[in-house]
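The values are calculated or read from the model by the stated rules, or taken from the named source; none is laboratory data. For clarity, every value in this text was computed on a predicted model and none was experimentally measured. Heads up, the Cβs are rebuilt from the backbone with ideal geometry, glycines too, and the neighbour counts pull from every protein chain shown.
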Amino acid sequence: MTWATPECLLIAALIIPLAAALLIPLFHRWPNLRETVTLIAAVLLCLTVIALLGPVLSGVRPQWSGVEVLPGVAFAFKLEPLGMLFALIASSLWIVNSIYSIGYMRANKEPRQTTYYVCFAIALASTMGVAFAENLFTLFLFYEMLTISTYPLVTHRRDSEAMASGRLYLILLLGTSMVLFLPAIAATYVLAGTIDFAPGGILGGKASGATMVVLLVLYLFGIGKAAVMPFHFWLPAAMVAPTPVSALLHAVAVVKAGVFCVVKVMVMIFGVDALAAAGQSGWLTVVAGTTVIVASVVALKQDNLKRRLAYSTVSQLSYVVLGAAILAPISVVGAAMHIAAHAWCKITLFFAAGSIYTAAHLTEVSQLNGIGRRMPWTMAAFAIGALGMIGVPPTAGFLGKWFMLTGAMQTANWLAVAIMVVSTVLNAGYFLPIVFRAFFRAPPEPTHDAHGGHEVHGEAPWPIVLALTATAIGAVALFFLPQIPLALAQMMIGR
Amino acid sequence: MQLVKTFAEHYNYVITIFLMMAGLYIVVARGNMVKKLIGLSIFQTSVYLLYITPGKIIGGTAPILDPAFTVYSNPLPHVLILTAIVVGVATLALGLALVVRINECYGTIEEDEIFAKDDDQ
Amino acid sequence: MTAVMPHLPALQIVVPLLGAILAGFLRRGPTAFAVALAVSWLMPFIAGALLWQVLGGGSISYRLGGWQPPYGIEYRVDVFNAFVLMLVSVIGAVTMPYARRSVAFEIDEGRQAWFYCMYLLCLTGLLGITITGDAFNAFVFLEVSALATYVLIAAGRDRRALLASYQYLIMGTIGATFYVIGVGLLWVVTGSLNFVDVSARLAEAATVQPRPVITALAFLTVGVSLKLALFPLHSWLPNAYAYAPSFATTFLAATATKVAVYLLIRLYFSVFGPTLNFQKLPVSELIIGLSIAAMFAASFIAIFQTNLKRMLAYSSVAQIGYITLGIGIANKAGLTGSIVHLANHAVMKAALFLALGAVFYRIGSVKLHDLSGIGPKMPLTMAAFVVAGFGIIGTPGTVGFISKWYLAVGALNEVGWPLVLVIMASSLLAVIYIGRVVEVAWFRDPSPTCIGASDPPLSMLIPLLVLTAATIWFGIDTQWTAGIAGKAAGMLVGGLK
């Protein structure tokens, strides 16, 4: 297998989803074949990424450079540990999400499925590009491509509500990235003379404290996908999309790309040590902490299940930002771990929400009384996901929080500690009642309405159940087998 | 007195500026398309004067080389302005042709009436 | 070949001029088209050869009629105008095949030959402005191209085309006359019309008689700004672009204003730059201020247009704002942004107008509501529209991003943060006006007008797709655009005082 050099695999990981996007329309008339293409591509991509894992863990950093686009800035890829972690999460979740999509889209008889799978594949290719980018230009290119390729997914229903949400989605994400993120990149280029990622950062010693604050603000809010308040509106608005799309947005790609960019910029553009030395931790903690708490409080008040999950995501994303903002190496590891944990837990939650919608056509939390008896698999998975989000062992969510908490203690950042404790309580406050309702409340009295179709439902179709069971297992497995993400996260900060 | 002297020494330029402003004013202030073109022509004509004026050297003769003369008028502006006149004539001709076509299509060459007709649609 | 090589600068002008006469005499549309096509396809080879020579080393000076400059007219080719020559030639060559069906559809049989004749005259004029080293000669070419342009615009089928043409004639003539007044004043104080010679004599003249020099600068600025439609002197442009025939709009939008911008840069950086200290004059602030106003005001107006050609016309005014912004910033990165945006905007705006022309060819309308749901009916055309639209927005991976990047870097070096944020914020307006069309075209149910629509014939589709591909290609591989623009900018900025 001499051809399977890490460099080739790197390029293959980008080409596979793109090739799928080209092939899928050809099988427009044969849905089974079309879905097969998606599944094969997902499995191939995951295998390719896994094949890259060994080399990366042993210290190889495969890279590939294309043409020089701007002076000193090439269209280039380089695989480093954090990107590896992100690629692993995204590619493995694409498989389960594809299985789930097939079940969901067919059961709900959704139109425009070909467009849907094509855009999904392009979104995955963009995600891989974000994960592998060697410099901010390449990162930015795929970041925007991700926004644009998910727009048709968000507006999938094509009705006026979906289009309005789509507009908000596009304007907020493109707007923040263009007005704040891009100037930040340009300023970095002017200050540092390069925008290549480097371990330890490239801005150290080249920017004054005030400039650093401005830059950091531009990056933090400019990366709108990280949904730091007040640029989080797009996320709840995008809930009009079909559930697998929400899963893509929340778990697989979009928001993960956001926090991934934030962490990567902090670690490999500013440098954790440079930021800590400049004393930037305080206000970062406040900004991230505010989002964590406010979003949790808002989530408490949502009755729509998906909206509650959406605000939970906003809150959890800022957790990752908070982890990075503590600026202790161990908490940055925690932030990386939390990206992985949140991905598996949140996708489980969304799969469960979609499963409930598919089987019972219910969307509100208040309607879920006793549903756990009819849909035991779904709600069991939901419970695991919820526990993971709260951070109860033995679920993946615990590890990330633990590391972040340790970091906060080490740096004596008591504000961060307080934020984490309060938010954990709030998390429990908005997740546990759902679980309680589902399992311990009596189901509503059967109505004799002819349209009361939800009385006769059982579990959702098998691909849906299969997918959400798999992700729930993954969420637990990550707790017992954290070696790989942990190793990657530690390599990222050079420990 | 000084003022009068300045005026007398530069009266070519004063006329140039007067024509320039008069032409531009007509273009801006008139709604009749033919009058606008006339204004435009006056405006262009002022430039001819602007070029020709410095070409005349006091005491100079026609620029035909002859050992008897040492000071000649500058022939260059005449050549340039010949070209500019051609350009001006072409512009005027095209402008008038357009006005004729506009009159065929709209039945009027008053700008406000034409705008009113297009707004009706 | 060796006999031809030294005369390439003259051939660049003479060939289209003779072509125009030939096309006018041929009288039959298809034969005139053949002439126009042959000439258009020849132009990039000449321009390419010139570009190749000047990239190899030094500038080319060509004495027209053998007269020695500064007495005779000199054609002077350096990296900057070789780049613009290449741009105009390539746009003409790529879009020309599109003209045959589009013109046959929109213009009466008897007038097609004249249309091609005027197109070739316009091409002659534009190339002439670019290549000449003589200020008055530039005026003549300015009028040659302008007169041809008025005719091209008036050839539109809508009667408002006549009105637009007339208004442009008035404004264009005022602009050209302002230019010639400025040239006259320069000639009075320096005694020369040759750009290089004027520039050399200006230092002395400016110390003796500073006022006419400043007045000349003012006249030239206003005159050329009228031609390039710098806000607020853009009022002629939207109607002219909206009602001209599709092909004429495309060609003019891609080249005419660009050549005027070239002239402005040439005057500022090659003629006045070495003498005048722009920092002491409010030129830079003025240009930056007007550019920002253009970027916002015109984009904002574009959002409310229902005639899409008009919308794109306003978008052009906004995009010209980006170009002039770089002139105002006046450092190497900023000017590189300007020059590269000449090419980048030409490519993507031509693609957009070609796409609309194709839509007009199929459904006879470019009104927004008539385009409802046309995406799936004309997939390639509208996909091209989307991609070129991304270019206008400036998403990375398209040419628009490259221009904005250089402008941002230039602004950061010179003016500072706020300007960068302003540049970027204005592109958000582009998201709205392009996004609106994309939403209607792709995400709505088909309107009755476009039920039977389909992609246009290949002769129209291929130019469109080529330009669309170029939008992406030159967004990634920039050595031929930004690379050369950087060289030109370095040369121009290097001469500044």
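Out of B:Thr16, B:Thr83, B:Thr53, B:Thr91, report the one residue that is closer than 30 Å to B:Ala116 by Cα, polar (S, T, N, Q) and within 19 Å of the chain's Cα centre (by Cα).
Result of the check over B:Thr16, B:Thr83, B:Thr53, B:Thr91: B:Thr91.
Can you go through A:Val43, A:Val73, A:Val67, A:Val60 and tell me which one is touching a strand residue (DSSP E or B) at 6+ places or on another chain (Cβ under 7 Å) and free of Cβ contacts under 8 Å to residues at least 60 places away in the same chain?
It is A:Val67.
Could you name every one of the helices (runs of 4 or more DSSP H) located completely within the range C:138-230 that has at least 2 residues being closer than 21 Å to B:Ile26 by Cα?
It comes to C:160-190, C:210-228.
With the checklist (1) away from every other protein chain (no Cβ under 12 Å); (2) surrounded by fewer than 16 Cβ atoms within 10 Å (Cβ to Cβ) in hand, flag the one item B:Asp118 doesn't pass.
(1)
Residue-wise test of (1) of a type in the set (Phe, Trp, Tyr); (2) at pLDDT below 90; (3) closer than 21 Å to C:Leu342 by Cα.
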site	(1), (2), (3)
C:Ile392	no, no, yes
C:Gly397	no, yes, yes
C:Gly416	no, yes, no
C:Ala430	no, no, yes
C:Ser447	no, yes, no
C:Asp455	no, yes, no
C:Pro463	no, no, yes
C:Trp480	yes, yes, yes
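Just one of A:Thr211, A:Thr194, A:Thr155 is surrounded by fewer than 24 Cβ atoms within 10 Å (Cβ to Cβ), touching a helix residue (DSSP H, G or I) at 6+ places or on another chain (Cβ under 9 Å), within 12 Å of chain C (Cβ to nearest Cβ) and not charged (D, E, K, R); which is it?
A:Thr211
What single numbered condition from (1) in a helix (DSSP H, G or I); (2) of a type in the set (Val, Ile, Thr); (3) touching a Phe, Trp or Tyr at 6+ places or on another chain (Cβ under 9 Å) fails to hold for A:Val425?
Of (1) in a helix (DSSP H, G or I); (2) of a type in the set (Val, Ile, Thr); (3) touching a Phe, Trp or Tyr at 6+ places or on another chain (Cβ under 9 Å), only one is false for A:Val425: (3).
Return only the number of the condition from (1) small (Gly, Ala, Ser); (2) within 12 Å of another protein chain (Cβ to nearest Cβ); (3) under 25 Å from C:Met86 (Cα atoms); (4) surrounded by fewer than 24 Cβ atoms within 10 Å (Cβ to Cβ) that C:Gly128 does not satisfy.
So C:Gly128 meets the others, but not (2).
Please determine whether any residue of the range B:86-109 is more than 10 Å from chain C (Cβ to nearest Cβ), at pLDDT below 90 and over 30 Å from C:Tyr71 (Cβ atoms).
Yes, because at least one residue in the range B:86-109 is more than 10 Å from chain C (Cβ to nearest Cβ), at pLDDT below 90 and over 30 Å from C:Tyr71 (Cβ atoms).
Sort out which residues of the range C:255-312 are touching a strand residue (DSSP E or B) at 6+ places or on another chain (Cβ under 8 Å) and crowded, with 20+ Cβ neighbours inside 10 Å, and write them in order of number.
Scanning the range C:255-312 gives a single hit, C:Leu308.
Go through the range A:167-183 and report how many residues are within 18 Å of C:Ile423 (Cβ to Cβ) and more than 7 Å from chain C (Cβ to nearest Cβ).
4
Assuming C:Asn413 fulfils every condition listed in (1) within 11 Å of chain A (Cβ to nearest Cβ); (2) farther than 30 Å from C:Ala82 by Cβ; (3) among the polar types (S, T, N, Q) apart from one, which condition is it?
(2)
Of the residues that sit in the range B:73-85 and are more than 9 Å from chain C (Cβ to nearest Cβ) and part of a helix (DSSP H, G or I), which one is nearest to C:Asn239 (Cα to Cα)?
Per the stated criteria, the residue is B:Ile85.
Residue by residue through the range A:137-152, note down the ones that are of a type outside the set (S, T, N, Q) and at the interface with chain C (Cβ under 10 Å from one of its Cβ atoms).
Answer for the range A:137-152, where residues must be of a type outside the set (S, T, N, Q) and at the interface with chain C (Cβ under 10 Å from one of its Cβ atoms): A:Phe137, A:Leu139, A:Phe140, A:Leu141, A:Phe142, A:Tyr143, A:Glu144, A:Met145, A:Ile148, A:Tyr151, A:Pro152.
Here is a check on your reading of the model: is C:Arg362 more than 19 Å from the chain's Cα centre (by Cα), in a helix (DSSP H, G or I) and of a type in the set (D, E, K, R)?
So C:Arg362 fits the description; yes.
Which members of the range C:137-166 meet the condition of being farther than 30 Å from C:Pro70 by Cα and either in contact with a Ser or Thr (Cβ under 6 Å, 6 or more places away or on another chain) or within 9 Å of chain B (Cβ to nearest Cβ) (or both)?
Selection gives C:Tyr150, C:Val151, C:Ile153, C:Ala154, C:Arg159, C:Arg160, C:Leu162, C:Leu163, C:Ser165, C:Tyr166.
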